[in-house]
1. Subtract the Cα-Cα distance of Ser211 and His62 from 0.36 nm times their separation in residues, and report this length gain in nm to one decimal.
2. With a Förster radius of 25 Å, plug the Cβ-Cβ distance of Glu191 and Ala21 into 1/(1 + (r/R0)^6) and report the FRET value to the nearest 0.05.
3. Rg over Rh of the chain, using C-alpha atoms and the Kirkwood radius, what does it come to?
4. Quote the FRET efficiency, to the nearest 0.05, computed for Ile84 versus Lys368 with a Förster distance R0 of 35 Å and r equal to the Cβ-Cβ distance.
5. Could you give each residue of the range 151-157 its phi-based ³J(HN,Hα) in whole Hz, using Karplus coefficients 6.51, -1.76, 1.60 with θ = phi - 60°, and x for Gly or Pro?
6. Sum -39500 (n - 2.57) across every DSSP H segment of at least 4 residues in the chain, then divide by the residue count to get the 222 nm mean residue ellipticity, nearest 500.
7. Antiparallel DSSP bridges in the chain: what percent, to the nearest 5?
8. Per-residue counts of other Cβ atoms within 10 Å, averaged by peptide: what ranking do you get for 298-306, 176-184, highest first?
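Bear in mind these aren't lab numbers, they're just calculated from the coordinates by the rules spelled out. Everything numeric in this text was worked out from a predicted model, so none of it was measured. Reconstructed Cβ throughout: ideal geometry from the backbone, glycine too, with neighbour counts over all protein chains shown.
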Amino acid sequence: MLFKDIVGHKEVINKLIQTVADNRVSHAQLILGPEGSGKLALAIAYSRYLNCENKQFFGENHPSGITGDSCGKCRSCVKFNKLIHPDLHFVFPNATTKKVPKNNFSDNFLAEWREFLIEKSFYVNQNQWFEKLGIENKQGAINVRDCNEINRILSFKTYESEYKIMIIWMVEKLNHAAAPKILKILEEPPEKTLFLLISENHDQILPTILSRTQLIKLLKISDEEIIENLIKTYNIDDETAQFIGIHADGSYSEALRLLNKTEDEKFNTDLLMNWLRGCYKGSANEIITKSGTVEGLNSLVSTLAKIGREKQKDFLNYVLKISRYCVLINFNQTSLVKLSVDESKFIANFYKFINSQNIIAVSEELNKAIYHIERNANPNILFMDLSFKMHKLLNNKT
């Protein structure tokens with residue numbers, strides 16, 4: 001991953017290049033941004049540039065819009081291609097698996113991690129990683145063993161480069177009991193040691209971590225930047241690129257998923273439509289689904305209970321998004337609504353049931369359900385309870 005491969009964020013990239021040129025690299029930096037904004041991709045490109053043996057400086061008027069980049073050919077860059085540079089280290093959320101039934105920490109999964117990043121073009125999200133590990137039903141975390149390993153690794157000198165770099169992905173998943181283990185080294189690291197912390201949720205990061213870092217904030221990628229990059233990189237037609245760019249909602253990882261969309265997307269959309277219909281009718285027994293089959297809330301709840309906790313949260317976030325779109329349509333703000341053909345047909349008839357009168361309560365119930373899923377609530381009880389609450393709200397019952 002080079003700076004030129006990053007989608008958008010040229011201003012941020014140029015500032016990072018300037019800090020290197022001025023020898024003002026902060027020892028602990030927090031890269032904060034929404035899912036799919038390219039936080040990890042930027043961290044890796046920045047790490048590569050710092051340790052490149054032949055850094056390139058283009059100047060301010062270069063056609064690429066960036067002022068410098070790694071050479072891509074030196075000894076360091078070649079190792080970065082496969083993420084095997086001895087001075088580049090990763091820590092990320094993990095959990096026990098069949099392969100690692102106990103004493104899990106990030107180094108146990110490095111082979112899968114490198115394969116995962118390269119396979120996804122460095123634009124990844126938490127759900128994809130947990131699915132890769134097969135831990136959708138568990139809550140991945142950065143644990144005490146990870147923090148002990150950080151201290152051990154960073155106590156050594158660099159092997160062959162100027163900087164020893166520790167990338168902590170999804171730092172908000174840092175276990176509260178583990179955090180004190182790294183506070184000292186985060187505040188006073190060995191010379192030429194760089195921490196790059198990556199997060200999507202500022203409010204979930206421990207204050208003791210926040211206070212020791214310099215913030216780099218990324219915004220959503222613009223639709224135009226996503227469309228331009230898709231056409232340039234994947235040689236797809238303008239119409240397809242436009243559709244993906246609009247529906248990606250500023251997330252390049254979502255754009256890549258849409259580019260290679262699977263049956264999972266159709267499953268999620270169909271499940272949402274059937275569940276909302278079932279919630280409106282409020283019957284635990286039978287409803288007529290879009291495909292004409294007979295299905296009841298009991299069956300739908302059973303399906304939701306089996307898909308895994310991360311996919312359950314993903315589904316509920318999807319319901320939240322569709323709910324917001326319903327309200328926007330109620331206020332004639334259709335220009336802000338980005339929907340597929342199937343979603344548009346469904347919402348054209350359903351939008352009136354989620355409106356300004358119940359959207360706050362609907363959002364609260366969905367967010368509460370996400371909160372309880374994260375704390376290992378029984379999914380059958382949770383989704384049945386949520387379904388009946390949604391029935392009352394959709395029918396304006398108190």
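1. Values: separation 149, 0.36 × 149 = 53.64 nm, distance 3.62 nm.
50.0 nm is the gain from fully extending Ser211 to His62.
2. Values: r = 20 Å, r/R0 = 0.78.
Efficiency, rounded to the nearest 0.05: 0.80.
3. Checking Rg against Rh, the ratio lands at 1.00.
4. After rounding, the FRET efficiency stands at 0.20.
5. Those phi angles translate into 4, 5, 5, 7, 7, 8, 6 Hz.
6. The helix contribution divided over the chain gives -15000 deg cm²/dmol.
7. 20
8. 298-306, 176-184
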